[in-house]
Amino acid sequence: QYDAVIFDLDGVICHTDAYHYQAWKALADRLGVPFDEQVNNLLRGVSREESLEVILKHGGLTTLTDEEKRRACAEKNEIYKGLLDEMSPDDLSAEVKDTLDGLRAMGIKLAIGSSSKNAKKILERIGLDGYFDAISDGTNITRSKPDPEVFLLAAQYAAVDPERCLVVEDARAGIEAACRAGMDSAGIGDAALCEKASYGMETFSQLLTICGKPSGLL
Ligand code: B16
Ligand code: MG
């Protein structure tokens, strides 16, 4: 049993991962560097600045100054925020909302552990403003996933011991971060196949089964 479930946001609660992709793609096209879904998968859970470094390295572009990198990140974020403005509560699936409500009905605390500095804006857009018991995001961390900081702070804000928390992630970097935090993890999407994930999920609602049984039995 778990006392808290800590959810990654992008790619788990909602599909903002597709918007990250579109925004990075627009920037990469302007810079003339290649960018595809495979590179995009390396950016899941990784901070904005580190994501740019991955894209530039992959594209072999080594000449940008720090100021140009800062402007490139700002440009990507403007495109991304424009896409977020189009989001509405319709972007929260019934499966995700019903599962969250079901976990809450079991007496489990619900928290967010996201690398994003836009997390609160996204939660507002999809109608989950004020829903979670604790939020740890890109605005309160100094190190991005796979560092465990974001999840350890989420546990602290929710007043739950790390070993009583389950992390839900779509990113390998996030599964690694959960491991380093001493937390169990449930991987979805790409992360479902991660060797380090405690559980691999095909559907979000499987969380109800995972949390309904003593940990380690599935
Ligand atoms: P922002 P998560 C992460 O969110 C995304 O997966 C990653 O692609 C993004 O670069 C990072 O947030 C920072 O986002 O530019 O909005 O601050 O998956 O940890 O919820
Ligand atoms: Mg994610």
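FYI, it's all coordinate maths here, none of it is from the lab. Quick caveat: nothing in here was measured; it's all calculated off a predicted structure. As a convention, Cβ positions derive from the backbone with ideal geometry for all residues, glycine included, and neighbour counts pool all protein chains shown.
Could you tell me how many of the residues in the stretch 149-172 are within 16 Å of ligand 2 (Cβ to nearest atom), part of a helix (DSSP H, G or I) and closer than 15 Å to Phe7 by Cβ?
Summing the residues that are within 16 Å of ligand 2 (Cβ to nearest atom), part of a helix (DSSP H, G or I) and closer than 15 Å to Phe7 by Cβ in the stretch 149-172 gives 3.
When the stretch 14-53 is examined, which residues are found to be part of a loop (DSSP other than H, G, I, E, B) and either within 8 Å of ligand 1 (Cβ to nearest atom) or farther than 29 Å from Leu166 by Cβ (or both)?
Gly32, Val33, Pro34, Phe35, Asp36, Leu43, Arg44, Gly45, Val46, Ser47
What number of residues within the stretch 86-135 satisfy the criterion of being part of a helix (DSSP H, G or I), within 26 Å of Pro146 (Cα to Cα), touching a residue at least 40 places away in the same chain (Cβ under 8 Å) and within 13 Å of ligand 1 (Cβ to nearest atom)?
Final tally of qualifying residues: 4.
Quick check on the stretch 71-82. Is at least one of its residues more than 20 Å from Lys120 (Cβ to Cβ) and free of Cβ contacts under 8 Å to residues at least 24 places away in the same chain? If you could, list the steps in order and put the result at the bottom.
To start, the set of residues in the stretch 71-82 that are more than 20 Å from Lys120 (Cβ to Cβ) comprises 71-72, 75.
Checking which are free of Cβ contacts under 8 Å to residues at least 24 places away in the same chain leaves us with 71.
Yes, the stretch 71-82 contains at least one residue that is more than 20 Å from Lys120 (Cβ to Cβ) and free of Cβ contacts under 8 Å to residues at least 24 places away in the same chain.
Tell me which residues, restricted to the stretch 182-196, are surrounded by fewer than 24 Cβ atoms within 10 Å (Cβ to Cβ) and of a type outside the set (D, E, K, R).
Listed by number, the residues that qualify are Gly182, Ile188, Gly189, Ala192, Leu193, Cys194.
So which residues in the stretch 103-148 are surrounded by 20 or more Cβ atoms within 10 Å (Cβ to Cβ), closer than 20 Å to Tyr19 by Cβ and more than 16 Å from ligand 2 (Cβ to nearest atom), if there are any at all?
Scanning the stretch 103-148 gives a single hit, Arg125.
Is the stretch 36-52 home to any residue that is over 17 Å from the mean Cα position of the chain (by Cα), loosely packed, with under 15 Cβ neighbours inside 10 Å and either more than 16 Å from ligand 2 (Cβ to nearest atom) or aromatic (Phe, Trp, Tyr) (or both)?
yes
Kindly indicate which of His15, His20 is within 12 Å of ligand 2 (Cβ to nearest atom) and surrounded by fewer than 19 Cβ atoms within 10 Å (Cβ to Cβ). Before the answer, list the steps.
On the way: His20 fails: surrounded by fewer than 19 Cβ atoms within 10 Å (Cβ to Cβ).
The unique qualifying residue is His15.
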